[in-house]
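Colleague: First, the structure itself, so that you have it in front of you.
Please treat every number below as a calculation from the coordinates, not as lab data. A quick note: this is a predicted structure, and the numbers were derived from the prediction, not measured. Glycine also receives a Cβ, built like all others from the backbone with ideal geometry; neighbour counts cover every protein chain displayed.
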Amino acid sequence: MTDLGPVAWPPAPIGTGRLVLREPEARDRAAVIELFSSPEVGTYLGGPRPRDEFERAVPEVPERRPGRFIVDLDGAMIGQITLTRDTGHLRQAAGRAEFGYLFLPQAWGYGYAAEACAAALDWFAGALPGEPVVLATQTANVRSIRLAAKLGFIEAERFQAYGAEQWFGVWSPVTPSD
């Protein structure tokens, strides 16, 4: 994540009951290509893109950058979570930490996304206490909205972008009262 201030990157791997959130490694390349070329994953991201495009573009070790976590189940990548700031693609997200998640279709329906995303948000709340996080997804992506609500994102608005209605939510970390 750009502009993390005093937060060191990468953090130590984050373990949950079943998963590990970690930096990308060479062993993740095939899964990264599968993730981004999956027709199911691409449904609400402008449609699938050709696999050969990713075969050429993804380096031997997938891009390591602040805010990118690989979600690992038993040594294999099943998804990724990203925290980015102000990519300029949405006015609503300008200057704020934006949350994103993508999981391979074979990992859907087991609670992995909720478990991994909750761990990433917990890490974020510890690293940058009190800072809210935003998320945007197509309103047609009912599963994503359901996950966002489960994680504590509150709908702030709906708007048109990328040829579809978008759902925009805000998550604020719980801060203990004095």
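Colleague: With the Cα gyration tensor of region 15-161 giving a ≥ b ≥ c as the square roots of its eigenvalues, does the rule (a/c under 1.5 for rounded; else a/b larger than b/c for prolate; else oblate) give rounded, prolate or oblate?
Modeller: It is rounded, given that a/c, with a ≥ b ≥ c, falls under 1.5.
Colleague: Here's another thing I want to ask about it. Between Ala57 and Arg158, what's the calculated FRET efficiency when r is the beta-carbon distance and R0 is 41 Å? Round to 0.05.
Modeller: On the way: r = 32 Å, r/R0 = 0.79.
My answer for the efficiency is 0.80.
Colleague: Now for a separate question. Place the peptides 125-135, 51-61, 31-41 in order of packing, highest mean first, counting for every residue the other Cβ atoms within 10 Å and averaging per peptide.
Modeller: 31-41, 125-135, 51-61
Colleague: What is the gain in length, in nm to one decimal, between Glu131 and Ala149 on full extension, counting 0.36 nm per residue of separation less the C-alpha to C-alpha distance? Mind showing how you got there, number by number?
Modeller: Numbers: separation 18, 0.36 × 18 = 6.48 nm, distance 1.80 nm.
Extra length available between Glu131 and Ala149 comes to 4.7 nm.
Colleague: Using Cα-Cα distances under 8 Å and only pairs 6 or more residues apart, what relative contact order does the chain have, in percent?
Modeller: It rounds to 19 percent for the chain.
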